[in-house]
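First the structure, in the form of C-alpha cells, and then the observations on it.
What follows draws every value from the coordinates through simple rules; no lab data is involved. This one's a predicted model, so the numbers in the text were calculated from it and none came from an experiment. Virtual Cβ from ideal backbone geometry, glycine too; neighbours counted across all protein chains shown.
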Amino acid sequence: MEIEKLDNALEALLFVSGDGLKITDIAELLELQKTDVNAAIKRLKAKYNGDSGIHLITYNGKVQFASNPDFADVVSRVLNPIKEKALSSATLETIAIIAYKQPITRLELESIRGVNCDYVIQVLLKHNLIEVVGRKDVIGKPLLFGTTDEFLKRFQIESIKDLPDYEELLETIRVISTENDQQAETTGLYNEFELPAEEQVPEFLQNEQIEMIEVK
C-alpha cells in the first residue's frame, strides 16, 4: 500500500473506531508489516499535534484519536453542561499506588495509605481505571487490583513501564490535588465523576470486606 493511502486508511480507521486499536491487529488485517504501520502512526502524530484539536495517542500497543487537552474547557462547556468534579486527592494517590504496586490487595493498599480504601476503590472501578486481575493465594483469597488501558489513556502513558519515578509522580499528584481543591474545575474529556456518598458498595466488594475481616 502506498504511503499516502496507508496514512489515510489508518486515519479513517481511527476516526470510525473511536476506541483504541491494537497496532498488531491493524498490521495483520491489512497484511502490512508492523514497522510500516508504526511509521504511519509517527506521520499521523506529526500531523495531529501542537494546536490541532485532535491528537494521536499510543498506549499499551494501541493507537487512538483523543482531544487536545488545550481545548478541554471548550469541550467541557459544550459536552458536559453539568460540571464534573475533579479527581480527589485520595483517588489520585490511590491510583498511583496501585499503578506501581500492582497487583495489590485492598489490605495492602490500606496498609500503605493508612486509611480505609473501600470508597476510593469503588470510584476507580466505576470509572474503569482499575480492575480485578485475580485473587492472592493466601487465606481468604483477597482480590487483586491492577490498572486498565483506560488508566494509561487518561494519563497519557504508553505503558506501565513508562511511569515516572514514584516520588515524582506523587509530587505531581499533590500539585494537581491542590489545584483541584482550589478550583474544583474540570480538566478535560477524561475527567471523573465522584460517586455520591450514598452509592452502595458493589456486592462483590461487600463479600471481599467480609472475607478480609475473617482473615484479621
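Of the peptides 157-163, 7-13, the order by per-residue mean of other Cβ atoms within 10 Å, starting with the highest, comes out as 7-13, 157-163.
In the stretch 1-127, a dipole from Cβ-located charges (positive for Lys and Arg, negative for Asp and Glu) runs towards its positive end, and of 8, 46, 105 it is 105 whose Cα lies farthest in that direction. For residue 30 and residue 16, the difference between the fully extended length at 0.36 nm per residue and the C-alpha to C-alpha distance is 3.4 nm.
Pairs exceeding a 24 Å alpha-carbon distance, out of 45/126; 5/153; 22/101; 101/136; 42/161; 62/141: 45/126; 5/153; 22/101; 62/141. Amide H to amide H, with H built 1.01 Å from N, residue 54 comes under 5 Å of 68, counting only residues 5 or more places away or on other chains.
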